[in-house]
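Here the structure comes first, spelled out in structure tokens, and everything after it is commentary.
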Amino acid sequence: MALLSIIVPCYNEEATIETFYTHTSAVCEKLNSVEVEYLFVDDGSTDRTLELLRKLSADKPGVRFLSFSRNFGKEAAMYAGLEHAEGDLVAVMDVDLQDPPELLPEMLDIVRSGEYDCAAVRRVDRKGEPPIRSWFARQFYKLINKVSKTEIVDGARDFRLMTRQMVDAILRVGEYNRFSKGIFSWVGFRTRWVETENVERSGGESKWSFFKLLIYALDGIIAFSTAPLAVASILGLVLCVVSFIAIIFVIVRQLVWGGSAFGWPSMVCIILFLSGIQLFCIGILGQYLAKTYLEVKKRPIYILREEGEHHDETK
Ligand code: UDP
Ligand code: MG
């Protein structure tokens with residue numbers, strides 16, 4: 001029988017873990033000819049998450065958990081899960097039921113048909129989200145798809161079911177600055193999109209503030225495009241042309257009309273403008289340098305503090 005590993009990153013999710021398990025296991029019991037293992041990853045939670053996971057894995061067969069030494073972020077949690085999953089098929093799901101488990105049977109059929117290596121979920125609307133956030137999200141997807149060769153699908157969730165082959169490919173992408181939405185797409189393979197409506201959290205709170213999302217978006221652009229680096233050269237070139245025209249204008253004016261130097265305020269404006277552009281470009285360079293710096297350090301993506309699995313006492 002094939003084994004399906006379900007990876008579930010959890011960060012301060014004491015409010016949602018139990019509902020998640022009851023809901024998902026109810027759906028999974030109906031899946032035929034596949035055995036299911038749950039792999040919860042506690043991402044350094046500071047609430048009762050770890051305690052609940054210990055209890056769950058002690059009570060329920062097929063439940064394992066990993067626990068980090070601190071909060072390493074969802075990307076790291078997914079990576080750890082993929083590394084430790086033993087299934088022939090692997091799924092990644094949020095614990096807040098925003099990834100409806102009811103879709104699992106359909107996703108399983110898609111991957112098992114052999115035509116696709118991955119079934120991934122994208123939401124077709126953004127109901128229940130602040131409009132300003134949706135607007136920024138949409139602009140982000142437009143921008144990143146313009147500047148990056150890797151296609152990043154608007155509304156794609158991290159909810160997917162993949163073959164072992166694809167998981168192994170993802171694990172080979174061992175970069176430290178992980179932007180999974182890009183990595184999933186970068187490794188290729190045939191993905192079939194399953195569409196769903198936006199679902200609100202079953203409980204607890206989202207861990208993503210607007211500011212965090214903005215940083216995440218910028219990280220994504222830096223990780224999957226080098227286009228911003230070209231901004232400096234293009235701006236430099238444009239400014240050279242403009243200043244050349246200005247020089248000719250000044251010389252001609254001097255020769256024809258004469259007169260002394262004037263325009264001190266405009267000079268200040270120009271200097272400020274140019275130094276602004278220069279700093280901006282150095283900033284872009286700095287961003288890439290910083291990422292390179294973190295990458296060359298080769299720090300581990302996550303550090304485990306505890307692992308646990310179900311022990312069958314009757315055996
Ligand atoms: N998560 C995590 N580490 C973090 C932040 C979030 O493992 O640092 C998990 C979280 O427990 C949840 C999933 O990632 O299972 C999605 O988080 P959340 O629901 O807060 O994000 P949203 O759905 O609002 O984008
Ligand atoms: Mg959520």
Checklist entry - Ordering VAL187, VAL41, VAL242 by how much accessible area each has at a 1.4 Å probe, largest first, what is the list? => result VAL242, VAL187, VAL41
Checklist entry - Can you give the FRET efficiency for GLN139 and ARG112, using 1/(1 + (r/R0)^6), R0 = 30 Å, r = Cβ-Cβ distance, to the nearest 0.05? => result 0.20
Next on the checklist: Using only Cα atoms and rounding to the nearest 10 degrees, what angle (0 to 90) does helix 264-296 make with the longest principal axis of the chain?
Outcome noted: 30 degrees
Item to check | the chain, relative contact order in percent, only Cα pairs under 8 angstrom and at least six apart counted | outcome: 24 percent
Checklist entry - Taking all protein chains as present, what is the carbon and sulfur share of the accessible area of the stretch 17-117, in % to the nearest whole number, probe 1.4 Å? => result 46 percent
Checklist entry - Ranked from the most accessible area to the least, with a 1.4 Å probe and all protein chains present, what is the order of SER67, SER45? => result SER45, SER67
Checklist outcome for this item: Ignoring ligands and nucleic acids, GLU197 exposes an accessible area, probe 1.4 Å, in Å² to the nearest 10, of 110 Å²
Next on the checklist: Given a 1.4 Å probe and heavy atoms of the protein chains only, how would you sort GLU313, GLU175, GLU75, largest accessible area at the top?
Outcome noted: GLU313, GLU175, GLU75
Checklist entry - Rounded to the nearest 500, what is the chain's calculated 222 nm mean residue ellipticity when only DSSP H runs of at least 4 contribute -39500 (n - 2.57) each, over all residues? => result -16500 deg cm²/dmol
Next on the checklist: At 1.4 Å probe size, with the rest of the protein present, what percent of the exposed accessible area of the stretch 194-294 is carbon and sulfur atoms?
Outcome noted: 77 percent
Next on the checklist: Restricting to Cα pairs below 8 Å that are 6+ residues apart, what does the relative contact order work out to for the stretch 123-267? Please round to a whole percent.
Outcome noted: 33 percent
Checklist entry - What FRET efficiency comes out for the pair TRP208/GLU313, r = Cβ-Cβ distance, R0 = 41 Å, nearest 0.05? => result 0.55
Next on the checklist: Could you report the accessible area of HIS310 in Å², rounded to 10, computed with a 1.4 Å probe on the protein chains as they sit in the structure?
Outcome noted: 50 Å²
Item to check | Rounded to the nearest 10 Å², the accessible area of CYS269 at probe 1.4 Å | outcome: 90 Å²
Checklist entry - Going down the list LYS127/LYS291; LYS74/LYS298; LYS55/LYS298; LYS30/LYS55, which pairs span over 27 Å between their C-alpha atoms? => result LYS127/LYS291; LYS55/LYS298
Checklist outcome for this item: Expressed per residue, the solvent accessible area of the stretch 49-91 in Å² (1.4 Å probe) is about 37 Å²
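The values are calculated or read from the model by the stated rules, or taken from the named source; none is laboratory data. The structure presented is a predicted model; accordingly, all values stated were derived computationally and were not measured. Note: ideal-geometry Cβ built from the backbone for every residue, glycine included; neighbour counts use all protein chains shown. In case anyone asks, the SASA skips ligands and DNA or RNA and just uses the protein heavy atoms, side chains included. Shrake-Rupley method; radii C 1.70, N 1.55, O 1.52, S 1.80 Å.
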